[in-house]
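Step one of this worksheet: look at the structure below.
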Amino acid sequence: MNAVPQNAAGAAAMVDAGHPAVIAMAKDAVGAATNPRDQAVKLYYAVRDGFRYDPYRIDLSVQGLKASKVLADGFGWCVPKAALLAAACRAVGIPARVGLADVRNHLSTARLREVMGTDMFYGHGYTAIELDGHWIKATPAFNVELCNKMNMHTLEFDGTRDSIYHPFDRAGQRHMEYVRFRGEFDDLPRQEILAIFAEHYPRMARLDDASWEQDVAGEARD
């Protein structure tokens, strides 16, 4: 078997842009749009709002981190959702990578803070998209329904400026603080992600007996 090509314009093991479901989703999302910027914007919103953010169902296996797995599940956490946006962009010919950053999150649920043991989200995933010769950051993790429940600003993307988390929520309370950008990658750096979890989240596991949606509803901010 030939090695999977790993570059910002082709398919990779986890940014599986060649998967039939990814290709179909990307083509459906861009519709008749032909301009790369317009296509990227359409893909951003398709991934942001078409697939729920759920950090309680983290699967660090190769299969669990694949972009196509988000399509199959209908949800994902920040890293595979970023991989899906990158894969969808590549599927229509737009170069894209997955980036990792460390952010301090002031709005997670009590259960998630307990199992993480910190308010730092190490290795948070975003997507870097090349448009008109510039790499632009896009963050498709938080779907609009979640933002409304948690009183957070939605992240908008116009294909010209970075779209990264707001420092404050709608009420002016602290939200996200970027501490470090770890780099941008042609495929998910799984070994680095595994090392992050081993070092920073040794007590964290899949919360199969809990519901992210229910916890969010119970702690929703006015």
Checklist entry - Which condition number in (1) without any contact (Cβ under 8 Å) to a residue 60 or more places away in the chain; (2) assigned to a strand (DSSP E or B); (3) of a type in the set (G, A, S) is the one that G183 fails? => result (1)
Checklist entry - Could we say that D49 is without any contact (Cβ under 8 Å) to a residue 60 or more places away in the chain and either under 25 Å from A101 (Cβ atoms) or of a type outside the set (V, I, T) (or both) here? => result no
Checklist entry - For the stretch 76-111, how many residues are among the small types (G, A, S), surrounded by 24 or more Cβ atoms within 10 Å (Cβ to Cβ) and in a helix (DSSP H, G or I)? => result 6
Checklist entry - Are there any pairs with C-beta distances below 8 angstrom linking a residue in the stretch 19-30 that is more than 15 Å from V41 (Cβ to Cβ) and in contact (Cβ under 8 Å) with a residue 40 or more places away in the chain to a residue that is assigned to a helix (DSSP H, G or I) and polar (S, T, N, Q), with the two at least 6 apart or on different chains, and if so which? => result H19/S68; A21/S68; V22/S68
Checklist entry - Would the stretch 74-86 turn up any residue that is more than 10 Å from the chain's Cα centre (by Cα), closer than 26 Å to A110 by Cβ and not β-branched (V, I, T)? => result yes
Checklist outcome for this item: Those residues of the stretch 38-60 which are modelled with pLDDT under 95 and in a loop (DSSP other than H, G, I, E, B) amount to D54, P55, Y56, R57, I58, D59, L60
Item to check | Some residue of the stretch 59-67 being of a type outside the set (A, V, I, L, M, F, W, C), within 15 Å of Y126 (Cα to Cα) and in contact with a Phe, Trp or Tyr (Cβ under 8 Å, 6 or more places away or on another chain) | outcome: no
Item to check | Residue that is nearest to R113 (Cα to Cα), among those in the stretch 61-80 that are in contact with a helix residue (DSSP H, G or I) (Cβ under 6 Å, 6 or more places away or on another chain) and touching a residue at least 24 places away in the same chain (Cβ under 8 Å) | outcome: G76
Checklist outcome for this item: For E114, the lone unmet condition from (1) surrounded by fewer than 18 Cβ atoms within 10 Å (Cβ to Cβ); (2) more than 17 Å from the chain's Cα centre (by Cα); (3) outside any helix (DSSP H, G or I) is (3)
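The values are calculated or read from the model by the stated rules, or taken from the named source; none is laboratory data. Note that the structure is a prediction, hence the values are computed from the model and not measured. Cβ coordinates were reconstructed from backbone atoms using ideal geometry, including for glycine residues, and neighbour counts include every protein chain displayed.
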